[in-house]
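Colleague: I am attaching a structure below and will ask some questions about it afterwards.
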């Protein structure tokens, strides 16, 4: 019977579409899960979405839709990105799932009945984005210590979890289980900054908003995020508060590791263990907190315009190249960095040059010199020993590194096999051996060693770049892909014929791609601003409508906007005697000459916005008539300057 391995990500908050920095965690966790499966473990890999809270309630209200409609959309986007990145989760949980909500209510009730939850009143400083209360002393420069945003004074009735009751028990668990919090620096941070100064009882319900799991015995309250979201790790397995657990819970709990971001370490190493202690359940074996992926040196932010999304990046360089960059570029402790320039540089140097070139020329030489046949490995020389040692030793080194979740270092170790193989080609000079008939046997062994080294790379790289590994196996024409097959060097079958030499990664023209990226970003900015202009779905009062100044204007001139295929630049006469410029995203529906001399309805008091270097001083009205069909509202029979009321 195989040994179990239960691994989880933190569940993603459904406030907005995740950027590439958010996607790192799911890819890293997937790589570990794949690696453990390759080693023969019975793996259960959980991910999902956190869908309750005040921030979502407010976002849904602003969008004019229900909170459930809002989270359905965002959760779907998150799941699509998980699938796009080829992640092999076994279950995707949503905290709006009925079974989860029911179990969370049972957990809350159990903790209340046994005296671990009590009702009181909270008065403090509240950060809405983080959904956290803080004391004055915990603030940094008067702002939230987690996100740096403004906090507000808040006072409300709430239920509290007796954190203080379990402080000593938690301290002992951390002391007895030295690898519970990993890496070591994060452990010291938790102990010195949070536990030793003394814990405070935790607010676990809210009464000032409704979008949450209701407390069954007090309908004024909803269960706060800590119990709701953190409990997903056990509800997904079929935990039952009455002890009648499903088989998956009995089989997989406790978790072998929770993979999380460093910003939520406190919740997972203080609140979550104490919840489990209060429930009488085993604690997870380990919590690993990874650093952040920054854009250059800054956190990604839509307001800063430095956000990269996984789907855009996949479209540019492919799934495996994205996975490779994320996993190889993120350091163990310090924050990682991503820019389009470094993505292209790493793609060309590592994937196209080092790995892709090695595979391509080795397969090509096999065809050139031996019609693709894999020759004998027996004509060895001393120079072969180092290459073989690098391959076999790398297997052990990768395993040691991944036990500590040093993913970047593990990938670097694997790529060193490829680098050493390229050096081996320079040392042995197969093209020179091929000129001497007496050295044909030696040439056969040199190529065997190279093909076998490439197989080592493919097996070890398969958790990180699964599609690329399969392409390499196809070119090697081998079915020997198991982890056990790389415990020793020389298991590639002699006498087989390799497949067709096909480039794995074509070099990127950096200048050309950066130009394409810039054009796409400009287009995206235009589309987003146009979308923001037309997306007014919330209900308004008559006083709101009265603020909109609608008037008739004539289109005097019209032209296309460079670098923006959807945009037309309109010059309008609105009867004021002053020419007005408007940028409108209707280029796919109208040619400029079709609009000139027509009267249209202008939103004249719209705040100016710059779209692709065009300052747009208003917006013209148009109708969505059908899918991909937009009609400008012409009012040629109305006088220029007339107000629409």
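The values are calculated or read from the model by the stated rules, or taken from the named source; none is laboratory data. The structure presented is a predicted model; accordingly, all values stated were derived computationally and were not measured. All Cβ positions, even for glycine, are placed from backbone atoms using ideal geometry, and neighbour counts span all protein chains on display.
Colleague: Sort through 388, 375, 439 and tell me the only one that's more than 28 Å from residue 323 (Cα to Cα), surrounded by 17 or more Cβ atoms within 10 Å (Cβ to Cβ) and in the same structural domain as residue 476 (by TED's automatic domain parsing).
Modeller: On the way: 388 fails: more than 28 Å from residue 323 (Cα to Cα); 439 fails: surrounded by 17 or more Cβ atoms within 10 Å (Cβ to Cβ).
Only one candidate qualifies: 375.
Colleague: Modelled with pLDDT of 95 or more and in the same structural domain as residue 408 (by TED's automatic domain parsing): is that true of residue 504 in this structure?
Modeller: Considered against the rule, which asks whether it is modelled with pLDDT of 95 or more and in the same structural domain as residue 408 (by TED's automatic domain parsing), residue 504 comes out as no.
Colleague: Test of understanding: among 353, 357, which residue is at pLDDT 95 or above, surrounded by 17 or more Cβ atoms within 10 Å (Cβ to Cβ) and assigned to a helix (DSSP H, G or I)?
Modeller: Selected residue: 357, the only one of 353, 357 that is at pLDDT 95 or above, surrounded by 17 or more Cβ atoms within 10 Å (Cβ to Cβ) and assigned to a helix (DSSP H, G or I).
Colleague: Could you tell me which of the residues 116, 90, 97 is surrounded by fewer than 17 Cβ atoms within 10 Å (Cβ to Cβ) and at pLDDT 95 or above? Spell out how you get there, then give the answer.
Modeller: Values: 116 fails: surrounded by fewer than 17 Cβ atoms within 10 Å (Cβ to Cβ); 97 fails: surrounded by fewer than 17 Cβ atoms within 10 Å (Cβ to Cβ).
Going through 116, 90, 97 in turn, just one is surrounded by fewer than 17 Cβ atoms within 10 Å (Cβ to Cβ) and at pLDDT 95 or above: 90.
Colleague: Let me ask another. Just one of the numbered conditions (1) in a loop (DSSP other than H, G, I, E, B); (2) surrounded by 18 or more Cβ atoms within 10 Å (Cβ to Cβ) is not true of residue 133; which one?
Modeller: (1)
Colleague: Let me ask you something else. Taking the condition of being surrounded by 14 or more Cβ atoms within 10 Å (Cβ to Cβ) and touching a helix residue (DSSP H, G or I) at 6+ places or on another chain (Cβ under 8 Å), how many residues in the stretch 564-581 meet it?
Modeller: Result for the stretch 564-581: 5.
Colleague: Do we find a residue being closer than 18 Å to residue 264 by Cβ, free of Cβ contacts under 8 Å to residues at least 24 places away in the same chain and either assigned to a strand (DSSP E or B) or under 24 Å from the mean Cα position of the chain (by Cα) (or both) anywhere in the stretch 91-110?
Modeller: no
Colleague: How many residues are surrounded by 14 or more Cβ atoms within 10 Å (Cβ to Cβ) and more than 20 Å from residue 264 (Cβ to Cβ) when one looks only at the stretch 170-204?
Modeller: Qualifying residue count, the stretch 170-204: 1.
Colleague: State all residues of the stretch 1-17 that are farther than 21 Å from residue 403 by Cα and surrounded by fewer than 21 Cβ atoms within 10 Å (Cβ to Cβ); if no residue qualifies, say none.
Modeller: 1, 15, 16, 17
Colleague: Please work out which residue is surrounded by the fewest Cβ atoms within 10 Å (Cβ to Cβ), limiting yourself to the stretch 401-436 and to residues that are closer than 29 Å to residue 30 by Cβ and out of contact with any helix residue (DSSP H, G or I) (no Cβ under 9 Å at 6 or more places or on another chain).
Modeller: Initially, the stretch 401-436 is screened for residues closer than 29 Å to residue 30 by Cβ, giving 401-422.
Keeping just the survivors that are out of contact with any helix residue (DSSP H, G or I) (no Cβ under 9 Å at 6 or more places or on another chain) gives 403-404.
Details: 403: 11, 404: 14.
Once the filter is applied, the top-ranked residue is 403.
Colleague: Ok, one more. What do you reckon, is residue 458 surrounded by 22 or more Cβ atoms within 10 Å (Cβ to Cβ), under 31 Å from the mean Cα position of the chain (by Cα) and free of Cβ contacts under 8 Å to residues at least 40 places away in the same chain?
Modeller: Criteria met by residue 458.
Colleague: Also, I was wondering about something else. Being in contact with a helix residue (DSSP H, G or I) (Cβ under 9 Å, 6 or more places away or on another chain) and farther than 12 Å from residue 94 by Cβ is the filter here; which residues of the stretch 47-59 pass it?
Modeller: Within the stretch 47-59, 53, 56, 57, 59 meet the criteria.
Colleague: List the strands (runs of 3 or more DSSP E) that sit entirely inside the stretch 548-632 and contain at least 3 residues that are modelled with pLDDT of 90 or more. Talk me through it step by step, then tell me what you get.
Modeller: On the way: elements: 550-561, 564-573, 579-584, 599-603, 609-611, 614-616, 622-626, 629-632.
Filter on the stretch 548-632 gives 550-561, 564-573, 579-584, 599-603.
Colleague: Please state which one of 322, 307, 314 is part of a loop (DSSP other than H, G, I, E, B) and touching a residue at least 60 places away in the same chain (Cβ under 8 Å). Spell out how you get there, then give the answer.
Modeller: Numbers: 322 fails: part of a loop (DSSP other than H, G, I, E, B); 314 fails: part of a loop (DSSP other than H, G, I, E, B).
Within the list 322, 307, 314, the selection yields 307.
Colleague: Here are some residues: 544, 525. Which one is surrounded by fewer than 15 Cβ atoms within 10 Å (Cβ to Cβ) and either at pLDDT below 85 or in a loop (DSSP other than H, G, I, E, B) (or both)?
Modeller: Selected residue: 544, the only one of 544, 525 that is surrounded by fewer than 15 Cβ atoms within 10 Å (Cβ to Cβ) and either at pLDDT below 85 or in a loop (DSSP other than H, G, I, E, B) (or both).
Colleague: Given the criterion within 26 Å of residue 63 (Cβ to Cβ), in contact with a strand residue (DSSP E or B) (Cβ under 9 Å, 6 or more places away or on another chain), surrounded by 12 or more Cβ atoms within 10 Å (Cβ to Cβ) and touching a residue at least 40 places away in the same chain (Cβ under 8 Å), identify the matching residue among 561, 603.
Modeller: 603
Colleague: Same structure, new question: For the stretch 143-154, give me each residue that is over 17 Å from residue 193 (Cα atoms), at pLDDT 85 or above and not in a strand (DSSP E or B).
Modeller: The answer is 150, 151.
Colleague: Are there any pairs, at least 6 apart or on different chains, whose C-beta atoms fall under 9 Å, with the first in the stretch 501-523 and closer than 30 Å to residue 454 by Cα and the second in a loop (DSSP other than H, G, I, E, B), and if so, which?
Modeller: Correct list of pairs: 505/318.
Colleague: Could you check the stretch 155-180 and list, in sequence order, the residues that are assigned to a loop (DSSP other than H, G, I, E, B) and either at positive phi or touching a residue at least 40 places away in the same chain (Cβ under 8 Å) (or both)? Steps first, please.
Modeller: First, the residues of the stretch 155-180 that are assigned to a loop (DSSP other than H, G, I, E, B): 162-163, 177-180.
162, 163, 177, 179, 180 - these are the residues of the stretch 155-180 that are assigned to a loop (DSSP other than H, G, I, E, B) and either at positive phi or touching a residue at least 40 places away in the same chain (Cβ under 8 Å) (or both).
Colleague: State whether the residues of the stretch 502-513 include one that is under 25 Å from the mean Cα position of the chain (by Cα) and either more than 30 Å from residue 410 (Cβ to Cβ) or assigned to a helix (DSSP H, G or I) (or both).
Modeller: Checked the stretch 502-513: at least one residue is under 25 Å from the mean Cα position of the chain (by Cα) and either more than 30 Å from residue 410 (Cβ to Cβ) or assigned to a helix (DSSP H, G or I) (or both).
Colleague: Do you know which residues across the stretch 181-201 are free of Cβ contacts under 8 Å to residues at least 24 places away in the same chain and in a loop (DSSP other than H, G, I, E, B)?
Modeller: 196, 197
Colleague: Considering the stretch 33-57 alone, what residues qualify as being under 19 Å from the mean Cα position of the chain (by Cα) and more than 15 Å from residue 82 (Cβ to Cβ)?
Modeller: The one that is under 19 Å from the mean Cα position of the chain (by Cα) and more than 15 Å from residue 82 (Cβ to Cβ): 51.
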